[in-house]
1. Given N residues in the protein assembly as shown, what is Rg(Cα) / (2.2 N^0.38 Å)?
2. Neighbouring Cβ atoms within 10 Å as the yardstick, rank B:ASP171, A:ASP160 fewest first.
3. Rounded to the nearest 0.05, what FRET efficiency is calculated for A:ALA164 and A:SER130 with R0 set to 30 Å and r the Cβ-Cβ distance?
4. Report the calculated FRET efficiency for A:TYR17 and A:LEU78 (r = Cβ-Cβ distance, R0 = 22 Å), to the nearest 0.05.
5. Helix A:138-151 versus the longest principal axis of chain A: what angle, 0 to 90°, nearest 10, using Cα atoms?
6. What FRET efficiency comes out for B:LEU86 versus B:PHE239 if R0 is 30 angstrom and r is the Cβ-Cβ distance? Round to the nearest 0.05.
7. Give me the one-decimal nm value for the distance between modelled label points at A:ARG245 and B:ALA165, 7 Å along each residue's Cα-to-Cβ direction.
8. For the pair A:ARG226 and A:HIS194, how long in nm is the line joining their label points, each one 7 Å along Cα→Cβ?
Amino acid sequence: MSKEIKINIRNLTKAFYKKQASVTALDDISLTINDGEFVCLVGPSGCGKTTLLRILADLETPSIGEFTIATGGEDRPLQSMVFQERGIIPWLTVRENVAFGLKMRHLPKKVVKERTDYYLKKTGLEKFSSLYPKELSGGMKQRVSIARAFANDPEILLMDEPFAALDEQNKFILQEELLSIWSETGKTVLFITHSIDEALLLSDRILLMSSQPGRIIDEIIVDMPRPRRMEDIREDPIVAGKFIRIWKHLQEEVQRSRLEDD
Amino acid sequence: MKKDKTVGRHDPFEIEQREWKQRQTKERLKQLLTIASPLLLLLLWEFMSRTGIMDIRFFPPPTAIMGTFIEMLSSGEMANHIGVSLYRILLGFLLGVIPGIIVGLLMGLYSPIRHFISPIVMALMPIPTLALLPIIIILFGIGDLSKVITIAGSVFFPVVINTVAGVINIDSIYLDVAKNYGADRKSFFLKIALPGAMPVMLEGIQMGQAIALLTIVAAEMMGATSGIGFLIWTSYKAFLLQEMYVGLILISFFGYLFSLLLRGIQKKILPWR
């Protein structure tokens, strides 16, 4: 893994102005993510993690500060986002959904077909390629979403709690599949989750956020060798310690915001 | 799975199969009810008219109306009326629907246009186009054009309003997806806005179809020399009530036919629903 900086965020602040109550969603966030790194952003709900992701995804503009995503000079989109469950488009078939980004970039038909076929196969969606999303299960829908993002071959991948709506069994399978595609492509991933287990299983590094104003308050390196299994995570005393550390932090944050609300 | 017998008990598949059959029979009975209700109404009408419970002069029995219809059909007079009316309906419908969709999409996609045009739409919508018929006849004459314009005017509004609603109510996550994956203006329109608005838009078109039929009859009552509405009106004035009923039933028939046709089209172009 190279140590080049892929994402560089400097003093990023985002406030939402409303007449009654203005909110500082993100407060002076600075961080760097290395090329090929898998980083999970964990924090209590409403801590601004989605806002941070949306800023990087160019769906929201920061109030102050800036960020850069390093490019390799090739014709690649800067980022692609894996949205939550409703993120695949119901009037496009599975194949059209996976090919969406490539078609939007007006790539040659042959390239579109090749890459779409590759990721349809990779995610086990070949058989379903001509179906519409309404006929798919939640897990299948998220496979489409992941395939669409990877097929687009972006510089970085942004994932907004992609597995939050899935049941435990499906979640494990999809996490494994995601890791397998990730290790093959070596993409830089920024992944939002509120599940500590998920963060420990997936990431190289976990960033902990505080709620309102959203700040990065802790960083946990997960250097456990891959491939990791859930059993290892539960059994390894070091990792278990990390779990407790994150858990305590989340508890404190929830308590704090509850007190402030009163 | 093969049928595996559970010892000493009933075969579960047999039980399920029996229940399935019962459900099938129930479904068929319901379909029968749908056919039965209009038939029953016609039978009741026939009976009451023939026995004199209802005045036969005002309510001629359905069989007599049917006879008159066949007479009119064979004299060739009928085909002309139907043809003219259908021509006007179709042309007026298209002339209302197509601008309705275009204006509706523009209003839905561009909020300044929406803010500018919506007060005009809202102010004009409650005015019945039929009330403007005298003016329309002065402007466009007593030929086909005035009827076509009247229908178009009535069809336009429900289509505009539903198209705007269709575009506005597209889930914002699809707009995010389009933006995130770099959709340009044209792709956004063709891949997101148009298909996303389509279901609600088609409801508006369905409403427009019904309004077109309501309008044609009234429009042809004033300043027309042919058409189903003309037939109804002149038959009424001459007290030829059997002929009048033929006209009314024709309108009802075409309304039903067009509804079925549009539903069919809807299924074809919205396979993802």
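1. Normalised Rg, Cα atoms only: 1.37.
2. B:ASP171, A:ASP160
3. Efficiency for this residue pair is about 0.60.
4. After rounding, the FRET efficiency stands at 0.20.
5. Computed tilt is about 80 degrees.
6. Details: r = 27 Å, r/R0 = 0.90.
Efficiency at R0 = 30 Å is approximately 0.65.
7. For A:ARG245 paired with B:ALA165, the spin-label model returns 5.6 nm.
8. It works out to 2.7 nm between the two label points.
Rule-based calculations on the coordinates, nothing more; no lab input. Remember, predicted model here, so these are calculated numbers, not experimental data. For neighbour counting, all protein chains shown are included, and Cβ atoms are generated from backbone atoms with ideal geometry for every residue, glycine included.
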